[in-house]
Amino acid sequence: MTDSVTTEDDASMSRSRFHLLDSRIVEKTTNAELTVGKASKDNRNPLFEEDQPWELRFDNLYPNVIFDEEERIYKCWYSPFIADPGSSKIPYDQRDEIKYPAEKMGRREMGVCYAVSKDGIKWEKPLMTFHEWEGKCSNIVIRGPHGAGVFKDICEEDPSRRYKMIFQERVKKKLSATFSADGVKWSEPVPYPEIAVVGDTHNNAFWAPTLGKYVLITRNWERHESGGDEGIRLVTRSESDDFKKWSSPENVFRGLEDHLQIYSMPVFYLHGIYIGLPSIYNIETDRVHTELAWSPDTVHWQRISPGSPLIANSEPEGDYDWGCVYAGACPVFRENEIRLYYGGSDGLHSGWRKGSFCLATLRPDGFAGYEQTSGKASALIMTAALPYRGQPICLSADVEEGGYVWARFLGEGGVKLSRSQPLRETVSDGKVEWPNGFVPHAYNGKTIRLEFELNKAKLYSFSFDEMPV
């Protein structure tokens, strides 16, 4: 057992909050398994639907939601088909007899629409004059982009480029970007010919603070071994120092089986790691659900509980998200919950379906956690060696009735120095209490480990309080 971390891991270990899904911080487990968290769907779903004349088919929706800290409002950019001859010309009562999309149905076109909300639940679609629809105002802010990813870049010094949108250009089927000062009025598109992928999915770009670069996550295709027309969908990555010139794209992630493909994967940074929300497309059932993945660097990815949805399809057949669930670009983190906005649809991916904008929530730090593999014994999770400044230690865990979480404080060489008082109830950043006589601050500047013992509990994260005792 060593008592130091490698230089490569120094940055990951020096942070103050640790999600246990990060395998770098877990050295050893006994009777413990990492399982995906439980997202609860809001009982007010769907939050909005295809209710405007230009919203002909929400399809995968590809929502991008932020809570704007400056303006104190929620903002959403989403992508419906605003031109879809099949949806506009085939009445609902005839669709059961016609396969979607019918051959030679005509050209389809996506648009990016804009919605706002004070509370993230009740949404308004402001009518504007930028892109009128049949002579009337609409909430369309740009026509043509496919799979648009939108984010507000708080690091951007040029106010005219504060909002960034990256997408597949409609005619040439190549990736381009456009910029905005307010998220509503957008510049002329700038092409990125060096990103030689089709990008026919939710294109997701963001600033990666551990890399000091922008990262783009998009999609590429690989020819199926059978030689058929249907290819294999791959997660593809590119990076840029300035959002102007991008590296050659590289394939970084794929589904575990050819019939379970990653259709899209929004990615975001969280406390020293990168979280991916892969939409898993089952070609055999023609349905889509959302799972969970993580990466230390946006290049190397690991699935968590493959086959277990983070956001599952609802039942019974025909419910608002029974057919497809596509996670939005980035969750919104509130004090008491994590909001996962997503696009849902009631029918199969390749069929007729009505789409909607929906919400699921997680408990704080609740993406994934450790619990007992077998209920016959407690679970043990030992961390890797961590630099310590004498701070109070806090845990986030779900604890069932009669359950508990213990924490053991280990010094150099793994010497057990103290065992905490048990936590016997569900907590978010619940402070670990130590028995009288043990002073963690005495180990300020040392390297320590923690060992957690769980029974009828699920442990998601631990943290070092920012202020030393």
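A few comments on the model shown:
- Being assigned to a loop (DSSP other than H, G, I, E, B), closer than 30 Å to residue 333 by Cα, in the same structural domain as residue 202 (by TED's automatic domain parsing) and among the hydroxyl-bearing types (Ser, Thr, Tyr) is a property that does not hold for residue 100.
- Matching entry among 407, 360, 377, 329 (being touching a His at 6+ places or on another chain (Cβ under 9 Å) and either at pLDDT below 95 or small (Gly, Ala, Ser) (or both)): 329
- Condition check for residue 119: farther than 30 Å from residue 377 by Cα, of a type in the set (D, E, K, R), modelled with pLDDT of 95 or more and assigned to a loop (DSSP other than H, G, I, E, B): yes
- Answer from 374, 378, 420 - the residue that is among the polar types (S, T, N, Q) and exposed (fewer than 15 other Cβ atoms within 10 Å of the Cβ): 374
- Some residue of segment 294-304 being among the acidic types (Asp, Glu), in a loop (DSSP other than H, G, I, E, B), assigned by TED's automatic domain parsing to the domain that holds residue 220 and more than 19 Å from residue 151 (Cβ to Cβ): yes
- Of 18, 67, all but one fail to be over 23 Å from residue 183 (Cβ atoms), among the aromatic types (Phe, Trp, Tyr), out of contact with any Asp or Glu (no Cβ under 8 Å at 6 or more places or on another chain) and not in a loop (DSSP other than H, G, I, E, B); the exception is 18.
- Members of segment 70-90 found to be basic (Lys, Arg) and part of a loop (DSSP other than H, G, I, E, B), listed by number: 72
- Residues that are in a loop (DSSP other than H, G, I, E, B) and more than 24 Å from the chain's Cα centre (by Cα) within segment 150-168 comprise 157, 158, listed in sequence order.
- Some residue of segment 153-163 being surrounded by 22 or more Cβ atoms within 10 Å (Cβ to Cβ) and either in the same structural domain as residue 64 (by TED's automatic domain parsing) or modelled with pLDDT of 95 or more (or both): yes
- Look at (1) surrounded by 17 or more Cβ atoms within 10 Å (Cβ to Cβ); (2) among the hydrophobic types (A, V, I, L, M, F, W, C); (3) without any contact (Cβ under 8 Å) to a residue 24 or more places away in the chain and you find that residue 137 fails only one, number (1).
- Long-range neighbours under 8 Å by Cβ, at least six apart or interchain, first residue over 16 Å from residue 150 (Cβ atoms) and at pLDDT below 95 within segment 165-192, second of a type in the set (D, E, K, R) and in a loop (DSSP other than H, G, I, E, B): 173/200
The values are calculated or read from the model by the stated rules, or taken from the named source; none is laboratory data. Since the structure is predicted, the reported quantities are computational estimates derived from the model, not experimental observations. FYI the Cβ positions are ideal-geometry reconstructions off the backbone, even for glycines, and counts take in every protein chain you see.
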